[in-house]
Amino acid sequence: MDIDKELKSLLDDPLLNVNKEEESLFDIPQDMRKIIAKKKADYVAQHKLCENFEDYKPLFEKVHQDLKEGKRSLVKINKTATLTAGRYYFVSGQMLLLEWIGELKRSSNFLPDARTRCIYENGTESDILLQTLRKNVVGDGYAISDLQENIDTQFFNSSDITTEDKVTGYIYVLSSLSDDPAIKKEKNLYKIGFTTNNVELRIANAENEPTYLMAPVKIVATYKVVNLNSQKFEDLIHQLLMPVQFQVLVYDENGFEHQPQEWFIVPLPVVDVIIKKIMDGTIVGYTYNSQMECLEKRIVKAKSTFDTSGMKVLTLNIKKVYFDEIMRGEKTIEYRELKQTTLNKYTYIDESDGKRYLRRYDALRLFVGYQKDKESALVQVVDTTYANGNVEYHLGMVLEHITPIS
C-alpha cells in the first residue's frame, strides 16, 4: 500500500473543501484567543542543579537540628499568608529556602507575584513563581518558624520563688531499663509524669509497679514547678502526645494485665521544650507532629472583642484583594447583587404598606474567603442605597480588624 497516495486521497476529500463562511465556524474569536494565550504559560519553572549547594547544605542540616531540639517549629499557614525571603519551608516533605523574591508585579488574580530563587535540600534550585510556591506550601507543606535561641521558661530555683508562689510538685522524665525486647528497641521512649513527692522516692519500687513497666528506670530530668496541679499537667501531656503514646501490655507479680499511659515515643530535646512550654503556658499554641518529630505551631483564631450589642451586623464573605482595599480606605462601597435568592437577606416587606425596602445595617462583618481560620473585619455602614440591581453599602470606619494568630 502506497502511504503517500492514501494520504493524498484523504486530504483531497471534497468534504474537506469548505468556503470562507464555513471556515469561519472553526475560527476562534479574538477574545477567546486572548484568554487561551493567557492560560498558555510562556515559561515553566524547572528544577536544576544548584552549583553552590555546598554553601547551603550545612544551613539545612542546622534547621533540621533546630526542629529536633525544639528551637524551631512547623507552622501550617493559611491561604492569605505571605511568604518571606530568607525563610525556610516544607513542600511535600522536602525543605526549601526561599532565598530571594524578584520584582513584584500584579498577577491575573490581582495578587503580587514574582520569580523567586528557591534552594531545595536535595541539591536543586528553582525560579518558581511566588504565588505557585505559596499554593504549594498551603496545600502540602509548612512554614518553619524563626530560630528561638532562648526558649524562655522558668526552671524554678529557690531564689525564684516568691511568697505568693506555691511549689506544687515535680515534673520528671524517665527512661526504662527494661530487658523486654519490645521496650528496649525504642530509643526515644520516655515516661513523663508529675509527682508531689521526691522523684527518687517515687521510683524506688519501679520494678514492681506496672506504671514503670515492671522494670527499673533512669531519671533523665526533673523540674520543680509552682502553681501547676497534677491533673492539668497530665491532661496537657496526654492531649499533646496522644498520637505517640507507647502501646504495650505489662503484667504485675500476680499476673494481672496493665496498659501504662504515661510513656511516649518522642525525642528528648522536644520533651524538654514541651515541658518548658507547659510551665510558661505557651503549649496551648502547639501540637506535636509525629511524622516530622517536632512541634507544630497552630494558627489560633482570634476572637472579636468589639461589643456589637444593639447593632445590626451583616456577615459577608469577600475576596482578599477587595478586603485589603477596604482596609486601606481605597474601597468605600461594598456591592451585593440583588437576586431572588438574596431578597430576604438584603430587603424586607413592610406589612403596613406591602412595599419592599432595603434592610439597614450598622456594620458589615467581612470575612476573607471561606477557609477555617480567616481574616475578618467589622466595618461601619454609613448609608445603604440601591442602583442597577445592586445593593450598595457605603462604608465608614474600620471598627475592628482580626487576623489569625500563629
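Of the residues making up region 308-325, those that are without any contact (Cβ under 8 Å) to a residue 24 or more places away in the chain and under 19 Å from residue 362 (Cβ atoms) number 2. Give the residue that is nearest to residue 214 (Cα to Cα), with candidates limited to residues of region 231-253 that are open to solvent by 50 Å² or more (accessible area, probe 1.4 Å) and either among the hydroxyl-bearing types (Ser, Thr, Tyr) or without any contact (Cβ under 8 Å) to a residue 24 or more places away in the chain (or both). It comes out as 251. Only a single item in (1) more than 18 Å from residue 173 (Cβ to Cβ); (2) of a type outside the set (Ser, Thr, Tyr); (3) open to solvent by 50 Å² or more (accessible area, probe 1.4 Å); (4) within 23 Å of the chain's Cα centre (by Cα) is not met by residue 296, and it is number (3).
Among all positions in region 198-221, there is at least one residue which is under 19 Å from residue 71 (Cβ atoms) and open to solvent by less than 50 Å² (accessible area, probe 1.4 Å).
Taking the stated definitions as given, is residue 106 surrounded by 16 or more Cβ atoms within 10 Å (Cβ to Cβ), out of contact with any Lys or Arg (no Cβ under 7 Å at 6 or more places or on another chain) and of a type in the set (Lys, Arg)? When the stated conditions are applied, residue 106 does not pass them. When 143, 85, 81 are screened for being outside any strand (DSSP E or B) and in contact with a strand residue (DSSP E or B) (Cβ under 6 Å, 6 or more places away or on another chain), only 85 passes.
One residue alone among 271, 313 is closer than 30 Å to residue 73 by Cβ and of a type in the set (Val, Ile, Thr), and that residue is 271. Taking the listed residues 199, 250, the one that is farther than 25 Å from residue 294 by Cβ and touching a His at 6+ places or on another chain (Cβ under 8 Å) is 250, with no other qualifying. Contact annotation: no residue pair with Cβ atoms under 9 Å, 6 or more positions apart or on different chains, pairs a residue in region 196-207 that is more than 19 Å from residue 233 (Cβ to Cβ) with a partner that is exposed (fewer than 11 other Cβ atoms within 10 Å of the Cβ).
The condition (being among the acidic types (Asp, Glu) and farther than 30 Å from residue 75 by Cα) is satisfied by just one residue among 324, 383: 383.
Here's the yes/no breakdown for (1) within 30 Å of residue 192 (Cα to Cα); (2) hydrophobic (A, V, I, L, M, F, W, C); (3) not in a loop (DSSP other than H, G, I, E, B):
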site: 295; (1), (2), (3): yes, yes, yes
site: 307; (1), (2), (3): no, no, no
site: 326; (1), (2), (3): no, yes, yes
site: 342; (1), (2), (3): no, no, yes
site: 353; (1), (2), (3): no, no, no
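One residue stands out in region 157-191 among those that are part of a helix (DSSP H, G or I) and among the hydrophobic types (A, V, I, L, M, F, W, C): the one that is modelled with the highest pLDDT, namely 183. Would you be able to say whether some residue in region 391-400 is small (Gly, Ala, Ser), part of a strand (DSSP E or B), over 28 Å from residue 138 (Cα atoms) and under 35 Å from the mean Cα position of the chain (by Cα)? Scanning region 391-400 turns up at least one residue that is small (Gly, Ala, Ser), part of a strand (DSSP E or B), over 28 Å from residue 138 (Cα atoms) and under 35 Å from the mean Cα position of the chain (by Cα). Restricting the first member to region 132-147 and to residues that are farther than 13 Å from residue 83 by Cβ, and the second to residues that are assigned to a strand (DSSP E or B) and among the hydrophobic types (A, V, I, L, M, F, W, C), the beta-carbon pairs closer than 6 Å and six or more apart or on different chains are 145/75.
Residues that are of a type in the set (Phe, Trp, Tyr) and surrounded by fewer than 19 Cβ atoms within 10 Å (Cβ to Cβ) within region 254-285 comprise just one, 256.
Considering only region 207-220, state which residues are in contact with a Leu (Cβ under 8 Å, 6 or more places away or on another chain) and not in a loop (DSSP other than H, G, I, E, B).
Here is the first cut: in region 207-220, the residues in contact with a Leu (Cβ under 8 Å, 6 or more places away or on another chain) are 212, 215-220.
Residues satisfying the conditions are 212, 217, 218, 219, 220.
Looking across 356, 328, one residue alone is of a type in the set (D, E, K, R), open to solvent by 60 Å² or more (accessible area, probe 1.4 Å), without any contact (Cβ under 8 Å) to a residue 40 or more places away in the chain and touching an Asp or Glu at 6+ places or on another chain (Cβ under 9 Å). It is 356.
Matching residues to (1) in a strand (DSSP E or B); (2) of a type in the set (S, T, N, Q):
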residue	(1), (2)
89	yes, no
110	no, no
117	yes, no
132	no, yes
136	no, yes
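Could you check, for region 67-80, whether at least one of its residues is surrounded by 14 or more Cβ atoms within 10 Å (Cβ to Cβ) and without any contact (Cβ under 8 Å) to a residue 24 or more places away in the chain? No; the residues of region 67-80 include none that is surrounded by 14 or more Cβ atoms within 10 Å (Cβ to Cβ) and without any contact (Cβ under 8 Å) to a residue 24 or more places away in the chain. On inspection, residue 331 qualifies as touching a helix residue (DSSP H, G or I) at 6+ places or on another chain (Cβ under 9 Å), closer than 25 Å to residue 79 by Cβ and in a loop (DSSP other than H, G, I, E, B). With respect to the conditions (1) part of a loop (DSSP other than H, G, I, E, B); (2) more than 14 Å from residue 375 (Cβ to Cβ), residue 348 lacks only one, and its number is (1).
The values are calculated or read from the model by the stated rules, or taken from the named source; none is laboratory data. Keep in mind that this is a model prediction, so the values were computed, not measured. We place every Cβ from the backbone using ideal geometry, glycine too, and count neighbours over all the protein chains shown. Only protein heavy atoms, including side chains, enter the accessible area calculation; ligands, DNA and RNA are left aside. Shrake-Rupley method; radii C 1.70, N 1.55, O 1.52, S 1.80 Å.
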